[in-house]
Structures are given as structure tokens and as C-alpha cells.
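The values are calculated or read from the model by the stated rules, or taken from the named source; none is laboratory data. These numbers were taken from a predicted model, which means no experiment stands behind them. Note: ideal-geometry Cβ built from the backbone for every residue, glycine included; neighbour counts use all protein chains shown. In case anyone asks, the SASA skips ligands and DNA or RNA and just uses the protein heavy atoms, side chains included. Shrake-Rupley method; radii C 1.70, N 1.55, O 1.52, S 1.80 Å.
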Amino acid sequence: MEFNKVGFYWSKREFIYSLCGAFALLFWNLKNSFEFGRLAFIPTYDDVSYFLDALTRYIKFINGDIFLVFLDAVANPPHAPIIALQAIFSYMVFGVNDWAPYVTNIWILLFALLGAATVIRGIAMGRWILFLYILTAPALGAAVVEFRPDIAAGMLTAISVTMAIYGVTDKARGILIRQVTWSGLIFGCALWAKPSAFIYTLGLMTFGLILSFIFVSVNSRYFSVQSFKRAAVILAIGAVLSAPYYLLAGHRVIEYTWDAIVRDKSIWAIDMDWGTHVRFYLFGQGGRFMMGLHVWAAMLSIGIAIMCRWANPLQRIRFFILIFVILVGYIVVTVNSVKTHFLGVSFQLLLLIFSLLVFSDLMRQSKIWTIRLLMTFLVSISLLSIQPAGFWGFKNSAQTQSINNVVATVIDRLAILSNKNSHPKTVFITFTGFLNRDVLLYGLLKQGISSMKIDSWFFRPQEEDPNQVFGRAIDRADIVIAASEGASVSSSGMPSNKILPLTLSLVKHNNNFKLLEIIPAGQGNIYLYVRK
């Protein structure tokens, strides 16, 4: 049974099993996150940025209605629309709690498991082992403990591209309404999920459709006409669905993407040798975080698809198309010197789907001993992959408590200062890390304080003189938060954090400010200055 023949729908039994699996993953990873993951700490980047955006919009909902939230979204489009809506919904249902948005990540797990259930339907032996294989993929655990759009967008991209390739290469007459519609809708949602990755998302889909069309054009003129129509419909549905957002926020998306890839490349780029670049998203840090041991099963599936003759000719061509799309996706993120755990998730999840397709097709057509050998291998991979996602530090450790206490103390001091005299205060924070602009705004907003303006300078050393940049920012501020070297709430990797002695000296020797409080922070201190 082929992927496109299965259809993207589920029986009641499949839905229940998938839902149970999703809840199990959610509970397991949230429990671990409270103990030693993100939820053991105060919210910080990138999650806190989405919390702050959602809370700001949620407060407008409380003070108005849902129509006011819609008008605000039109006037001020969110950076990632789907995750913004998800966070607002979580506050509506669970209240303004730091854990609430993570609970709503269950839809990612459920969607992924339902997709797996679609692929493995009809397998007589080994069906639930394949389900376990997907259930234990590290990317699904990461999808719980990270509240950011990358994994959801990657999953939607991978599923839509796979469905598009299968749909365009189908020999059936007609448009294949259900297949094409699902692919186009999911593709449009992928463009909504992470707008800043729209070039990569669109590129993977377009490349897959071009390869598919080339294949069908070689085989049949009539077939190619039908395939062209299907490809056009998929792109049209995706374009129509995503167009409203890009018409409103396209300039912001382009500016953000340009800054990240070009203007600030020197800040985010990682200095590593070419071998580390090549391994990063497969066997390096990014690969271990998203794929873990599953990467070996995925590599095996590529070898099987290339070398074995068990699949029918059409299925083999589809496998080769997917391999080329995966390869292009891998090359694009690998040659980019900017590396994070999340930039390669689209091709990684596409690789995971590909392995599921190969293994499921192999189990339908191979001999018993081959199936048993494959089952043994996949069970081993799956059981060894049962591990918590996202270790940050133990909740009761001295470092964790120090970080949480410092942030809470600073927020409390700002809350008190905000009530002194009537004029709104401007705060300037000279560094970033666990203590940063969005953390402070989010913490204050949870206390009902929205009058403070908090500035932090995204210092670009290749363009700016720190004495002038930070000097001007301090002159505009009513309150300055500075740090010494070794402060536990600062991140050493950012340019502004490499000049902590300079920025501390600038405010210390500014006669318009006086030292209000020194807050111990690990091996260093946080200094709170106020205007005289």
C-alpha cells in the first residue's frame, strides 16, 4: 500500500493510540523539564519572546474582545503566527503560567504520530515497532520542551513535501483532490509556522515538485499535464493560504532574515572545521539533539532504497526524488556557517519520514527473516532512544537557584521603581543572557506593569563604537542594569557580554547615576543604577 493511496485520515483506533502516545510524550518531557530542563529556570530565549508577544495580545483580549486581538494582529503581525495563536490559546485555557504554552505543543506530537499511523497502515508484521520508532525520535521530545516554531514548521514542511512528491508522481487520472489539497494546506501552514524560513521551505517544496515533474515528463505526455496541474494547485493553495500574512509582514520577514543570514552572520556563525560542519546536523550537536540514534536507521534506509530491488519502479523513483530533496536540504544548512540545533530540522524530519516509508514498504514485501532482522534493529534503536530532551541544569542546584533568584530580584526592584513618581521609566540593560530585555518585560507584565520601556543594544562590533553606543543609551535611561564578568545571568557568547567591564565603567563614572544595589550573581554581580 503506497503513501498516497493510504490518504491522510485515521480510524478511531489509530487516533486513540496516537493520542495516548502524544500524551505520554508530553507528560514525560514536561516532567523532566520541571526537574532539569527549561521549566526549572525562569523563561528565557527564544521561548520568552513568544511568551511576551502572546501575553501582550492576551491582555488586549482581556480588555476588549477577540476582534481587538485580530485587529492588533493585522496592525502588528506576530513573528510566528501559529505559535503566537498557540500561546494565546494556552493562556486562555490554563492561565498565565510558564508551563501553559508547552502543554499546547501536544498538537505537534499528535500530528506526527497520526502521520506515522497513515504510513504504516496495512502492515501485517512490525507495524507497532515502526510506530515506536517514530514515538522515540528525539525531535518529538524536543518539540515538547522548546516553545519555538522551528520543529512544527519542519514537520509541516516534511509532510507536505512528501505528500506533494507522491501526489505529483501518481499515475491516476485527474487532480487527486484530497491528496493535493492536504499537501497544499499543510504547505501553507508551514509558511505560516516559521515565516523567517520561508525561502528554505519554499525551496524544498519547489525542488521536490520540479524533480517529480521531470520524472513524469519523461514517462508520459498526458501524465505530465496532470502532474503539472497538481503541482500548480499545491503551490497555489500554499500561496493563497499564506499570502495574507506575507502581505502584512513581508518586509519584516525579509529584514529579519537579512539580519540573521547576512548582517549579523559574524555574531551567530560558529568557528569550526569543515568536518564538524559536515557532521553537525547528522552526527554532531544538531543531529544528536533532533535525531539521536535514529540517524543510523535513516542512513540504513537510504542504503536500502539505493541498493535493493524489492520496491516497484515508481516507488523507487519516489525514493530517489526524496533522497535528492533531503540532500539539497542538508547541503543548504551545512554550507551556512550559522549553526543552531534547529536550522536543519526540516531536512532531518524529511529524512525520518523517508526512513519510515522505506521500512514500511520493506515490511510489506520482504521475507519473514528480513522483517525480523529489521524489527530487532529498530527496537534496539527505539529503546536506546528513550531519554529526556533538553537538559539545562537541576532545579535544586546552586547555579539554577542563583539564576532564578537574581532574575526575580531584579524584576521585583523594577516593579518597585516603576511606582515611584508618575512618569514612565526607561531601563537600559547592557548585556544579555538569562537576564534580558524580554525576560524583564514578561516578568513585569505578569505583575500588571506595562509602563516601563526596556532597551538593550544589539551591539555589532564591526559597525559600532561601544563607547558611543552604550554611552548614548545610558544617557537616555532612568535605570541601568550592568554586570561584572562571571555574572551567572549573562551569556559570554554575545558581543555586548565581551565588554562588560567597559559598559560597567561607563555607567559607574556617569555623574547622573547613583548605585542603588549590588546583587550577587554566581562568580560576578549585577549592578542596579538609577538616575539621581
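Of the residues making up region 382-394, not one is surrounded by fewer than 17 Cβ atoms within 10 Å (Cβ to Cβ) and closer than 26 Å to Ser160 by Cα. Among residues of region 223-249 that are free of Cβ contacts under 8 Å to residues at least 40 places away in the same chain, those with a Cβ under 7 angstrom from a residue that is part of a helix (DSSP H, G or I) and open to solvent by 10 Å² or more (accessible area, probe 1.4 Å), sequence gap 6+ or separate chain, pair up as Ser224/Phe213; Ser224/Ser217; Phe228/Phe213. Could you grab me the full set of residues in region 416-466 that are closer than 22 Å to Asn525 by Cβ, at pLDDT 85 or above and open to solvent by 50 Å² or more (accessible area, probe 1.4 Å)? Those that are closer than 22 Å to Asn525 by Cβ, at pLDDT 85 or above and open to solvent by 50 Å² or more (accessible area, probe 1.4 Å): Ile416, Arg437. Hey, could you check region 344-381 for residues that are hydroxyl-bearing (Ser, Thr, Tyr) and crowded, with 20+ Cβ neighbours inside 10 Å and say which is nearest to Leu140 (Cα to Cα)? If we take residues in region 344-381 being hydroxyl-bearing (Ser, Thr, Tyr) and crowded, with 20+ Cβ neighbours inside 10 Å, then Ser346 is nearest to Leu140 (Cα to Cα).
Conditions tested, residue by residue: (1) assigned to a strand (DSSP E or B); (2) closer than 30 Å to Ile177 by Cβ; (3) at pLDDT 85 or above; (4) not aromatic (Phe, Trp, Tyr).
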site: Ser242; (1), (2), (3), (4): no, yes, yes, yes
site: Ala249; (1), (2), (3), (4): no, no, yes, yes
site: Asp259; (1), (2), (3), (4): no, no, no, yes
site: Leu282; (1), (2), (3), (4): no, no, yes, yes
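For Leu502, the conditions (1) more than 28 Å from Leu55 (Cβ to Cβ); (2) at pLDDT below 85 all hold with the exception of (2).
A single member of Lys12, Lys60, Lys31 is open to solvent by 60 Å² or more (accessible area, probe 1.4 Å) and under 25 Å from Asn436 (Cα atoms), and it is Lys60. Look at (1) more than 25 Å from Leu135 (Cβ to Cβ); (2) open to solvent by 20 Å² or more (accessible area, probe 1.4 Å); (3) touching a residue at least 24 places away in the same chain (Cβ under 8 Å) and you find that Ala80 fails only one, number (2). Applying a threshold of 9 Å to beta carbon distances and a minimum spacing of six or more residues, or different chains, the list of pairs starting in region 158-181 at a residue that is at pLDDT 85 or above and charged (D, E, K, R) and ending at one that is open to solvent by 10 Å² or more (accessible area, probe 1.4 Å) and in a helix (DSSP H, G or I) reads Asp170/Asn4; Asp170/Lys5; Asp170/Gln179; Asp170/Gln226; Asp170/Leu314. Count of region 283-310 residues, restricted to those that are open to solvent by less than 10 Å² (accessible area, probe 1.4 Å) and within 23 Å of Met163 (Cβ to Cβ), is 7. When Gly390 is evaluated against the numbered criteria (1) touching a residue at least 40 places away in the same chain (Cβ under 8 Å); (2) assigned to a helix (DSSP H, G or I); (3) under 30 Å from Ala487 (Cα atoms), which criterion, by number, is the only one it fails? So Gly390 meets the others, but not (2). Of all residues in region 59-98, those that are under 25 Å from the mean Cα position of the chain (by Cα) and either of a type in the set (Lys, Arg) or not in a helix (DSSP H, G or I) (or both) total 9. Listed by position, the strands (runs of 3 or more DSSP E) inside region 448-532 whose residues that are among the basic types (Lys, Arg) number at least 1 are 453-455, 513-521, 524-531. Does region 473-488 contain any residue that is touching a helix residue (DSSP H, G or I) at 6+ places or on another chain (Cβ under 7 Å) and modelled with pLDDT under 90? So far as region 473-488 goes, yes, one or more of its residues are touching a helix residue (DSSP H, G or I) at 6+ places or on another chain (Cβ under 7 Å) and modelled with pLDDT under 90.
Taking residues in region 280-292 that are within 15 Å of Gly154 (Cβ to Cβ) and free of Cβ contacts under 8 Å to residues at least 12 places away in the same chain, and partners anywhere that are among the hydrophobic types (A, V, I, L, M, F, W, C) and surrounded by fewer than 17 Cβ atoms within 10 Å (Cβ to Cβ), not one pair has Cβ atoms closer than 9 Å while being at least 6 places apart or on different chains. If the condition is being within 14 Å of Leu55 (Cβ to Cβ) and either touching a residue at least 24 places away in the same chain (Cβ under 8 Å) or open to solvent by 30 Å² or more (accessible area, probe 1.4 Å) (or both), then region 100-109 contributes only Pro101.
In the set (1) touching a helix residue (DSSP H, G or I) at 6+ places or on another chain (Cβ under 8 Å); (2) assigned to a helix (DSSP H, G or I), the condition left unmet by Leu327 is number (1).
The single condition among (1) more than 18 Å from Asp412 (Cβ to Cβ); (2) open to solvent by less than 40 Å² (accessible area, probe 1.4 Å); (3) among the acidic types (Asp, Glu) that Glu485 does not meet is (2). Restricting attention to region 488-511, the residues that are surrounded by fewer than 19 Cβ atoms within 10 Å (Cβ to Cβ) and touching a strand residue (DSSP E or B) at 6+ places or on another chain (Cβ under 6 Å) add up to 0.
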